1. Would you mind computing, in nm to one decimal, how far apart the modelled labels at LEU28 and VAL86 are, each placed 7 Å from Cα along Cα→Cβ?
2. For labels at ALA93 and LEU63 in the simple 7 Å Cα→Cβ model, what's the distance in nm?
Amino acid sequence: MAESSPQLPDRIQRDLEEALRDGGVDKLPARPRRKRRSFRLGVPDLRPRDPGQLVLIGVGLFLLGYLLHLPFSAYLILGGILCVAVAIFTHFAQPQGPRPKFWRGRYLDVPSGTWQERLYRMIYRQR
């Protein structure tokens, strides 16, 4: 049995080197650049991610106002009802339908610029 050598035949080696030269391999950096992490200290985004979380917040406010008899319980109940109403409205006005489109391991974000989409992006934070 003949052992296969790790060397390529001369003709193929020359063609490979020529193709690399024509492709501009010598202009590539020697090593890939490291991504720098940005340390941004700021206020965390407290907005909910989707209408489901806003419904949970609304139900929580409603129950808190209903069960605890505080001087501002009426405001908590009203706030809970408003949260649920806004969540229902924005659920039907989602810019990408009920679920965002998923392609090649990532969510697609194709902005349309409609007023419903702008309202949705003001109320909810992005994924």
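A short reminder: the numbers here are calculations on the coordinates, not readings from a lab. Predicted model only: the values in this text are computed from it and were never measured. Using ideal geometry, Cβ is built from the backbone for each residue, glycine included, and neighbour counts are taken over all protein chains shown.
1. 5.1 nm
2. Distance between the two pseudo-spin positions: 2.8 nm.
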